[in-house]
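Data block below; observations after.
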Amino acid sequence: MRLISINVLMEGMVVGRTIWNEAGHPLLHKDVVVTSRIIDRLHDLNIQYLYIEDEISKGIEVIETIAPAKRLQAVKNITKSFNEVKQAKSTQASYVLDQQSKVIGHIVDDIMSSVLDSEDILMVLTDAYLYDEYLYHHSFQVTMYSIAIAKELGYSHEDLRLIGIGAMLHDVGKLLVPTEILSKPDKLTQEEFDVVKNHSRYGFDLLRNLHSVSLLVAHCAFQHHERADGSGYPRGLVATEIHPFAKIIAVADVFDALTSTRTYRKKMLPSDAIQIIEKGRGTQFDERVYDAFKRSIVHYANGTVVQLNDGNRAIVSKQNIIDASRPWLRIFEKEENLLLATYEICLSDYPALEITKIEIDFVPSAE
């Protein structure tokens, strides 16, 4: 299957992966033949990319680290737990969160088991799921990324679980931020942004007195927007003052924010988001954490068409667990001519070859 932009989706193409909504219902089934009505619907839903089946991508598979059914159930449980807190009176929010801690722990355990059992790097799927509430999906994603990074760093099982719970609850303070500000479609004013920034402190206050959750989890909520160079908030802490768990969650949080569609901007592809974060390596973000993150996350999803510095085109056929930034490629075009016989290479075996461009809008001349 091949990942393409909605801008080049045409009638007659065949859908490669099911798209799910928040309730776990399929919005668009795999193997459906695309019609003009489907294209219009996808535009209305603000979907940017989807997978199709075609000849150049035949046999290429996309296997998620966490199965769709497990992911959808986890997000559903997160939504239910967080809504319980949101609907409680402010004086009762911590008590309600304490009551929900067992459910949250089970969700983290399920995510941990999937990440730890997988021998592959973490696969990030693009627009496979639609959701009404960004916060709930974001909490799931950040937990998954944080556990993958911590696994790469060699943390113990006990610490992995603590990091997972800290990641799951890192934004819980946003439940106390007015919804009209969080869901505002335009850029926030400075005053509104200052209100949003309070979520770190709100989260700390909600979590620090819970009987069922470690105080470290509260510090994850308090510190995940702090930066090593002191440019973060709410306290402007520097590297030595930030807890290692919060440093992990900080990178996971930014990555998911960049690769998620928001009301005020489009999402980035994983490789572009990784490059943005790399600019802050050693200044905003801990070097060891960034390096582990880079090793843990898929840079170029299977089925992505890329252009190489020798002028050839290829499609990512599978991941390289030794170096996530240099995957296996199926070369299918030379000098703008489709090859009758494609062949596969691993970029790690060709040091002079580099990916110069991602071509989500590519349409083979034969189509």
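Using the average count of surrounding beta-carbon atoms within 10 Å as a protection proxy, the listed peptides 294-300, 255-261 rank, highest first, as 294-300, 255-261. For the stretch 1-87, the tally of Lys pairs with Cα-Cα distances below 30 Å comes to 8, considering only residues 8 or more apart or on different chains. The residues neighbouring Tyr49, those whose beta-carbon lies less than 14 Å from its own, together hold a net charge of 0 under the Lys/Arg +1, Asp/Glu -1 convention.
Estimated at 0.36 nm per residue, the fully extended path between Lys197 and Asp361 surpasses their Cα-Cα distance by 55.3 nm. Excluding ligands, DNA and RNA, the accessible surface per residue across the stretch 280-325 is 37 Å² with a 1.4 Å probe.
Taking only the C-alpha atoms of the stretch 92-245, Rg followed by Dmax gives 15.8, 46 Å.
The residues packed around Val96, meaning those with a beta-carbon under 15 Å from its beta-carbon, carry a net charge of +1 if Lys and Arg are +1 and Asp and Glu are -1. Taking the stretch 54-69 and a reference point 7 angstrom along Cα→Cβ of Ser118, the backbone N atoms nearer than 11 Å belong to 63-68. Site pair Thr91 and Asn7 shows an inter-label distance of 5.5 nm when each label is modelled 7 Å from Cα along Cα→Cβ. For Leu27, nonlocal amide neighbours, meaning residues 5 or more places apart or on other chains whose placed amide H falls under 5 Å from its own, are Ile19, Trp20, Asn21. Here's how it looks for Glu354: its modeled amide H is under 5 Å from those of Asn309, Asp310, which are all 5 or more places away or on a different chain. For the chain, the membrane-span-like helices by this rule, meaning whole DSSP H stretches whose C-alpha atoms cover at least 20 Å of axis and whose Kyte-Doolittle mean is 0.0 or above, are 93-117, 134-153, 244-258; this says nothing about an actual membrane.
Taking 14 Å as the straight-line reach from the Cα of Lys102, the aspartates and glutamates in range (excluding those fewer than 8 positions away in the same chain) are Glu84, Asp110. Computed from the C-alpha gyration tensor, the three semi-axes of the ellipsoid equivalent to the chain are 37, 23, 18 Å, from longest to shortest.
Restricting the calculation to alpha carbons of the stretch 213-322 gives Rg and Dmax of 16.4, 54 angstrom. Packing, as the average of other Cβ atoms within 10 Å across residues, places the peptides 243-252, 72-81 in the order 243-252, 72-81, highest first.
Here's the list of aspartates and glutamates a cross-link from Lys357 could span, going by alpha-carbon distance under 17 Å and ignoring same-chain residues fewer than 8 apart: Asp272, Asp310, Glu333, Glu335, Glu336. By accessible area, using a 1.4 Å probe on protein heavy atoms only, the chain has 49% of its surface on carbon and sulfur.
Taking other residues whose beta carbon is less than 13 angstrom from the beta carbon of Ile297, and scoring Lys, Arg as +1 and Asp, Glu as -1, yields -4. Across Gln48, Gln92, Gln307, mean-square fluctuation computed from a Gaussian network of the chain (C-alpha pairs under 10 Å connected) peaks at Gln92. Taking the stretch 162-286 as the region of interest, the number of lysine pairs whose Cα atoms are within less than 25 Å, with members eight or more places apart or on different chains, is 21. For the chain, what's the relative contact order in percent, using C-alpha pairs closer than 8 Å and at least 6 residues apart? Relative contact order, the chain: 16 percent.
The values are calculated or read from the model by the stated rules, or taken from the named source; none is laboratory data. Owing to the predicted nature of the structure, the values given are computational and were not obtained by experimental measurement. When we count neighbours, we look across all protein chains shown, and the Cβ atoms used for this are built from the backbone with ideal geometry, even at glycine. Surface accessibility is based on the protein's heavy atoms, side chains included, excluding ligands, DNA and RNA. Shrake-Rupley method; radii C 1.70, N 1.55, O 1.52, S 1.80 Å.
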